[in-house]
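Asks: Could you have a look at this structure, given as structure tokens, before my questions?
The values are calculated or read from the model by the stated rules, or taken from the named source; none is laboratory data. Nothing here was measured: the structure is a model prediction, and the numbers come from that model. Note that each Cβ is placed from the backbone with ideal geometry, even for glycine, and that neighbours are counted across all protein chains shown. Please note that ligands, DNA and RNA were not included when accessible areas were found on the heavy atoms of the full protein model with its side chains. Shrake-Rupley method; radii C 1.70, N 1.55, O 1.52, S 1.80 Å.
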Amino acid sequence: MNARCGTILLVEDNADDVDLTLIAFERAGLSAQVVVARDGVEALDYLFGMGAHAGRDVREQPRVVLLDLNLPRVSGHEVLQRMRADPRTREVPVVVLTSSLEERDLRESYRHFANSYVRKPVNFDEFIEVTKQLGVYWTTLNRAMAQGEVV
């Protein structure tokens with residue numbers, strides 16, 4: 001499975017989880033470009049073409065955003081809210097990928113229209129497998145709308 005599958009925005013502040021996710025995608029044979037944002041501000045800058053990403057063509061949005069909730073500077077919940085409030089990012093799929101066991105995090109994520117909520121497995125092999133499955137599903141199996149397509 002080596003299809004060109006767009007960009008994945010990985011919003012994750014834990015360097016080990018970033019490395020494991022990249023390993024999982026490599027093992028799955030995904031050829032997606034992975035952009036890593038290490039906090040909520042970096043994620044918003046990428047999505048909206050600000051800061052270090054000023055000038056980025058924001059008409060080209062990620063195929064999927066893998067979003068941790070517990071982030072420095074701006075939380076994952078705030079990132080999700082801001083994405084859903086803006087027409088440029090409203091329909092970008094967001095998978096909350098978190099270690100949180102809090103029921104309120106689950107409810108809040110879906111209240112702001114997360115497409116999926118996945119608890120990060122603690123076990124190394126399970127983490128790799130779950131992340132690999134997420135990458136394959138959202139970048140190759142899921143049929144995404146074309147950028148700017150009106151329903």
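Asks: Being at pLDDT below 95 and not hydroxyl-bearing (Ser, Thr, Tyr) is the requirement here; does Glu78 meet it?
Replies: no
Asks: Between a first residue in region 104-122 that is within 15 Å of Ala85 (Cα to Cα) and a second residue that is of a type in the set (S, T, N, Q), which pairs have beta carbons less than 8 Å apart while being 6 or more apart in sequence or on different chains?
Replies: Close Cβ pairs (under 8 Å, with a partner that is of a type in the set (S, T, N, Q)) amount to His112/Gln81.
Asks: Hey, another quick one. Counting only residues that are touching a strand residue (DSSP E or B) at 6+ places or on another chain (Cβ under 8 Å) and either among the small types (Gly, Ala, Ser) or open to solvent by less than 50 Å² (accessible area, probe 1.4 Å) (or both), how many does region 13-29 have?
Replies: Of the residues in region 13-29, 3 are touching a strand residue (DSSP E or B) at 6+ places or on another chain (Cβ under 8 Å) and either among the small types (Gly, Ala, Ser) or open to solvent by less than 50 Å² (accessible area, probe 1.4 Å) (or both).
Asks: Could you list all residues from region 92-121 that are hydroxyl-bearing (Ser, Thr, Tyr) and touching a Pro at 6+ places or on another chain (Cβ under 9 Å)?
Replies: Ser116
Asks: May I pose another question? Counting just the residues of region 30-52 that are of a type in the set (D, E, K, R) and open to solvent by 30 Å² or more (accessible area, probe 1.4 Å), which one comes out nearest to Asp86 (Cα to Cα)?
Replies: Result: Asp45.
Asks: How do the pairs read when you match residues in region 37-58 that are more than 16 Å from Glu91 (Cα to Cα) with residues anywhere that are assigned to a loop (DSSP other than H, G, I, E, B) and open to solvent by 70 Å² or more (accessible area, probe 1.4 Å), using Cβ under 7 Å and keeping only pairs 6 or more apart or on different chains?
Replies: Close Cβ pairs satisfying both conditions: Asp39/Arg73; Gly40/Arg73; Val41/Arg73; Gly49/Gly55.
Asks: Next up: Go through (1) outside any loop (DSSP other than H, G, I, E, B); (2) touching a residue at least 24 places away in the same chain (Cβ under 8 Å) and name the single condition Asp19 misses.
Replies: (2)
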